[in-house]
Amino acid sequence: MSQYQDDIKAVAGLKENHGSAWNAINPEYAARMRAQNKFKTGLDIAKYTAKIMRADMAAYDADPSKYTQSLGCWHGFIGQQKMISIKKHFNSTERRYLYLSGWMVAALRSEFGPLPDQSMHEKTSVSALIRELYTFLRQADARELGGLFRELDAAKDAAAKAAIQQKIDNHVTHVVPIIADIDAGFGNAEATYLLAKQFIEAGACCIQIENQVSDEKQCGHQDGKVTVPHEDFLAKIRAIRYAFLELGVDDGIIVARTDSLGAGLTKQIAVTNTPGDLGDQYNAFLDCEELSADQLGNGDVVIKRDGKLLRPKRLPSNLFQFRAGTGEARCVLDCITSLQNGADLLWIETEKPHIAQIGGMVSEIRKVIPNAKLVYNNSPSFNWTLNFRQQAYDAMKAAGKDVSAYDRAQLMSVEYDQTELAKLADEKIRTFQADASREAGIFHHLITLPTYHTAALSTDNLAKEYFGDQGMLGYVAGVQRKEIRQGIACVKHQNMSGSDIGDDHKEYFSGEAALKAAGKDNTMNQFS
């Protein structure tokens, strides 16, 4: 017997126990409402999605072609529509997640107005967005199941009813893992722990944290990044793990992000007790000059290594500078240390999407941690066209091909769009995720800010047409006609917003007296 039938039977038993006072209660209606609300709390969601993500990680270890993907979200509706579209086109949500970008929260959700990605936005707005995303995903389940229930009621024969009942019993939820960005923790380790608890209680099974200084945090693709000594970062990783364990999400996932590749500065000199310990390794990357005791100046900070006095270069900002060219080595050390101290996945923020660069670092990490896996930002901050055309140019030149027809600095130009070089570059962009997962250990590919850009692009196109010569045709031809022909559910926007679910409930609660919105005069019927 299915869960749906079990629930009907259970509610029927309750109804019988309560006697005539429950005469108006229909056990099947109650069972339907239970089916439409599979997840009662955010912790239910976190536990459910953590198991999915752990299984996907194991599947990737066995077969790197089984990588996972996600797109960034800044609103519940955006996340809902992504999962509805994925189910529509692929009949499954397998290995497809959502990403919650702190950048988009800062730029689009802050009460201060648009902000840069510098942790200046209200930190509770991030956990609120997790809760909002899952509210919309749960409503997507309720809407889809509601449609199946109406089909069940309208079915004329037993075979049709059985087929619909099977769809109900095997319904695939829209609820999927969310990788949630906690930036640099919004404060000290205690602040990180408290915020992580809010994330998890809202439904997050996976939290991503970066090794920048919390109060100096910068976007990973901007200048001025400042990292912290490893012990400071590891304390925050442990804080998140304790939050997961306290709330009973024992298999919660932590993504440790290193910004060291583009971060040339540190705010602190690490504590070191013995030569070669973790603090000493961190300090070894500092840009220092050797001096004697009588050369010390007022307020100089010095460290002792191998019997020598060294003065780290300190900037007017009171920050210390790393030696140039040490970024990759620092990334490798960051990643190994994080995985050895409780992190599950890595994120290496790079300045370009280059498989050889990423794979080189992963190869070094895997010498120590053989199953090291990455989450990778397929970032809109990269000029993908230019980067890959330049990579194609370099490859062609190295292979001895004539590249004299191309200007490497101007390869973004439309005049190159139909050339052999451009087609080679586009094919490398198309296969980048599969290639990088196979060759560079990338388990999860995401685009941080896709709907920031799609919203801007589609709004620009609509504004140009609607306020220009096309008038209403700009909307009809550019939006509505495409919605209808592509089967976009939102063309029935009343249904998408929950109108039919409300009609069902009105019938449950009021019977024949229910005043429904979906009658013959509802203009949504024009889209049937």
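A few points about this structure:
- Of the residues making up the range 223-257, those that are in a strand (DSSP E or B) and either at pLDDT 95 or above or of a type in the set (A, V, I, L, M) (or both) are V226, I253, I254, V255, A256, R257.
- Scanning the range 417-436 finds one or more residues that are over 22 Å from the mean Cα position of the chain (by Cα), without any contact (Cβ under 8 Å) to a residue 12 or more places away in the chain and in a loop (DSSP other than H, G, I, E, B).
- A single member of A159, A155, A128, A142 is more than 30 Å from Y60 (Cβ to Cβ), modelled with pLDDT of 90 or more and either surrounded by fewer than 14 Cβ atoms within 10 Å (Cβ to Cβ) or not assigned by TED's automatic domain parsing to the domain that holds Y452 (or both), and it is A159.
- Considering the conditions (1) over 16 Å from the mean Cα position of the chain (by Cα); (2) aromatic (F, W, Y); (3) under 29 Å from A55 (Cβ atoms), F149 is excluded by exactly one of them, (3).
- With respect to the conditions (1) more than 25 Å from D277 (Cα to Cα); (2) surrounded by 15 or more Cβ atoms within 10 Å (Cβ to Cβ); (3) under 23 Å from the mean Cα position of the chain (by Cα), N383 lacks only one, and its number is (2).
- Matching residues in the range 244-282 - criterion: being within 20 Å of the chain's Cα centre (by Cα) and among the small types (G, A, S): G252, A256
- Residue among Y406, Y376, Y393 that alone is of a type outside the set (D, E, K, R) and either closer than 26 Å to P64 by Cα or surrounded by fewer than 16 Cβ atoms within 10 Å (Cβ to Cβ) (or both): Y376
- Qualifying positions in the range 364-380 - more than 18 Å from the chain's Cα centre (by Cα) and polar (S, T, N, Q): N371
- Which numbered condition A31 misses (of (1) within 15 Å of the chain's Cα centre (by Cα); (2) surrounded by 20 or more Cβ atoms within 10 Å (Cβ to Cβ)): (1)
- Set D61, D6, D44: member being part of a helix (DSSP H, G or I), surrounded by fewer than 16 Cβ atoms within 10 Å (Cβ to Cβ) and at pLDDT below 95: D6
- Those strands (runs of 3 or more DSSP E) of the range 287-371 in which at least 3 residues are within 30 Å of F244 (Cα to Cα), considering only elements entirely within it, cover 345-348.
- Residues in the range 283-327 that are farther than 16 Å from V228 by Cα and within 33 Å of the chain's Cα centre (by Cα): 2 in all.
- Counted as qualifying within the range 97-189 are the helices (runs of 4 or more DSSP H) with 2 or more residues that are free of Cβ contacts under 8 Å to residues at least 12 places away in the same chain, at negative phi and among the hydrophobic types (A, V, I, L, M, F, W, C), namely 158-169.
- Residue, surrounded by the fewest Cβ atoms within 10 Å (Cβ to Cβ), within the range 196-208, restricted to residues that are in contact with a Ser or Thr (Cβ under 7 Å, 6 or more places away or on another chain) and outside any loop (DSSP other than H, G, I, E, B): Q198
The values are calculated or read from the model by the stated rules, or taken from the named source; none is laboratory data. Keep in mind that what you see is a predicted model, and the values were worked out from it rather than measured. Positions of Cβ are generated from backbone atoms using ideal geometry, with glycine treated the same way; all protein chains shown enter the neighbour counts.
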